[in-house]
Amino acid sequence: MTAQLQFRNLTLGYDRHPAVHHLDGAVQSGALTAVVGPNGAGKSTLFKGIVGLLRPLAGSISRNGIDPRDIAYLPQAAEIDRSFPINVYDMVAMGLWQRAGLFGGIGREADGKIHAAIAAVGLTGFERRAIGTLSGGQMQRMLFARLLLQDARVIVLDEPFTAIDAKTSADLLALVQRWHGEGRTVLAALHDIDVVKSNFPETLLLAREKVAWGPTGDVLTPENLLKARQMCEAFDDEAGRCAA
C-alpha cells in the first residue's frame, strides 16, 4: 500500500515549545485510523500540522502529492464561532469553495449537491436556520455535510463525537464508515475507547510522542493506556524550547 501521510522525526509545537515530538510513522492510503491519548497528548496539534495550520519545528510531513488545502478538516467544536451570522445552507455550501472559488456562485448543480448533503446528515428543513440556534448534534451534522461536499481524499476529524447524542454519533459514524468504504483516508481524534475498538481498525496512541501504533487491539492495551497517561502527567510544560 502507498503511504498517504508520512511522518519523519516530526516535531510540532507553539513558540518553539514541542507538543508532539520525534514522531515517525505512516498512514496508508485508505486507512481508517483513530488517534487516541489523554488530554494534552498533542492530538489537535498533530492534526493542525497535517492540514498545514502549523509548520514543523523539526522533521517533516509528506502528503503524497496532496495540497494541505485539499484535506477536509473538522476542528473541535470549541473552535467554531457559533455567533457568526450564517445559516445552515450557506455554511454547508462552503464545502464547495475550494473548487468553485469564493465568488463562483451557486448554480443548479451545486444547489442540488448542497441539498443532497444536508439531506444525507438528516437536516432537511434546517437550511435557513442560523447556526447559532443549532444544538451540538445538529451543528456536527451540518459540519459533516460540509465535509461531504469537499469530496476529499483525506479527511481529518478532531473529536467529532464529543458532547453529542447517541443517535447523531451513530449516524455520523456511518458516514465515516462510508468514506472508508470509498477508499478515502480518514483520521479521527477520539476519547471513547469502545467506539475506537468497534469502528477503527488502526490506532495511534499518542502522549506527546508515539506510545504505540498499529492494529487497534494491539495498541489499546491497559499497559499502553497507563503508559500514555503517565507520560503526559510527567511532561514538563516548562521544558526548554526547541532550537530556532
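The values are calculated or read from the model by the stated rules, or taken from the named source; none is laboratory data. This one's a predicted model, so the numbers in the text were calculated from it and none came from an experiment. Every residue, glycine among them, receives a Cβ derived from its backbone with ideal geometry; neighbour counts consider all protein chains shown. Only protein heavy atoms, including side chains, enter the accessible area calculation; ligands, DNA and RNA are left aside. Shrake-Rupley method; radii C 1.70, N 1.55, O 1.52, S 1.80 Å.
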Out of (1) over 24 Å from Ala163 (Cβ atoms); (2) open to solvent by 40 Å² or more (accessible area, probe 1.4 Å), the odd one out for Ala130 is which? (1)
Taking segment 59-78 as the region of interest, how many residues are out of contact with any helix residue (DSSP H, G or I) (no Cβ under 9 Å at 6 or more places or on another chain), touching a residue at least 12 places away in the same chain (Cβ under 8 Å) and not in a loop (DSSP other than H, G, I, E, B)? 3
Every residue from segment 129-169 that is touching a residue at least 12 places away in the same chain (Cβ under 8 Å), assigned to a helix (DSSP H, G or I) and of a type in the set (Gly, Ala, Ser): Gly132, Gly136, Gly137, Ala145, Ser169
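How many residues does segment 210-228 hold that are part of a helix (DSSP H, G or I), among the small types (Gly, Ala, Ser) and surrounded by 15 or more Cβ atoms within 10 Å (Cβ to Cβ)? It would help to see each step written out before you state the result.
As a first pass, look at segment 210-228 and keep what is part of a helix (DSSP H, G or I): 216-219, 222-228.
Retained after the next criterion (residues that are among the small types (Gly, Ala, Ser)): 217, 228.
Going one step further and asking which of them are surrounded by 15 or more Cβ atoms within 10 Å (Cβ to Cβ), we end up with 228.
Residues in segment 210-228 being part of a helix (DSSP H, G or I), among the small types (Gly, Ala, Ser) and surrounded by 15 or more Cβ atoms within 10 Å (Cβ to Cβ): 1 in total.
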Please indicate, with yes or no, whether at least one residue in segment 101-117 is touching a residue at least 40 places away in the same chain (Cβ under 8 Å) and farther than 30 Å from Leu220 by Cα. no
Out of all the residues in segment 26-50, which are open to solvent by 20 Å² or more (accessible area, probe 1.4 Å) and either on the phi > 0 side of the Ramachandran plot or in contact (Cβ under 8 Å) with a residue 60 or more places away in the chain (or both)? Gln28, Ser29, Pro38, Asn39, Gly40, Ser44
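Mind checking which residues of segment 165-185 are open to solvent by 40 Å² or more (accessible area, probe 1.4 Å) and at negative phi? So that I can check it myself, show each step before the final result.
Our first condition is that a residue be open to solvent by 40 Å² or more (accessible area, probe 1.4 Å); within segment 165-185, this holds for 165-167, 170-171, 174, 177-178, 180-184.
Listed by number, the residues that qualify are Asp165, Ala166, Lys167, Ala170, Asp171, Ala174, Gln177, Arg178, His180, Gly181, Glu182, Arg184.
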Just to check your reading of the model, which residue among Ala188, Ala207, Ala145 is in contact with a Cys (Cβ under 8 Å, 6 or more places away or on another chain) and buried (at least 23 other Cβ atoms within 10 Å of the Cβ)? Ala207
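I'd like to verify a number: residues in segment 51-69 that are at negative phi and out of contact with any Lys or Arg (no Cβ under 7 Å at 6 or more places or on another chain), how many?
Kept after step one, since they are at negative phi, are these residues of segment 51-69: 51, 53-58, 60-63, 66-69.
Adding the requirement that they be out of contact with any Lys or Arg (no Cβ under 7 Å at 6 or more places or on another chain) leaves 51, 53, 55-56, 58, 61-63, 67-69.
Final tally of qualifying residues: 11.
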In segment 107-166, which residue that is in contact with a Leu (Cβ under 9 Å, 6 or more places away or on another chain) and among the polar types (S, T, N, Q) is farthest from Gly65 (Cα to Cα)? Gln138
Hey, any hits in segment 56-79 for a residue that's open to solvent by 50 Å² or more (accessible area, probe 1.4 Å), more than 14 Å from the chain's Cα centre (by Cα) and among the small types (Gly, Ala, Ser)? yes
Across segment 24-41, the tally of residues that are in a loop (DSSP other than H, G, I, E, B) and either in contact with a helix residue (DSSP H, G or I) (Cβ under 8 Å, 6 or more places away or on another chain) or at pLDDT below 95 (or both) stands at 6
If we keep only residues of segment 191-200 that are within 17 Å of Leu175 (Cβ to Cβ), in contact with a helix residue (DSSP H, G or I) (Cβ under 7 Å, 6 or more places away or on another chain) and not aromatic (Phe, Trp, Tyr), then the residue surrounded by the fewest Cβ atoms within 10 Å (Cβ to Cβ) is Asn199
Exactly one of Ala130, Ala72 is out of contact with any Lys or Arg (no Cβ under 8 Å at 6 or more places or on another chain), of a type in the set (Gly, Ala, Ser) and under 30 Å from Asp24 (Cβ atoms), and that residue is Ala72
Residues located in segment 147-172, provided they are hydrophobic (A, V, I, L, M, F, W, C) and either out of contact with any helix residue (DSSP H, G or I) (no Cβ under 9 Å at 6 or more places or on another chain) or within 16 Å of Gln76 (Cα to Cα) (or both): Leu147, Ile155, Val156, Leu157, Phe161, Ala163, Ile164, Ala166, Ala170, Leu172
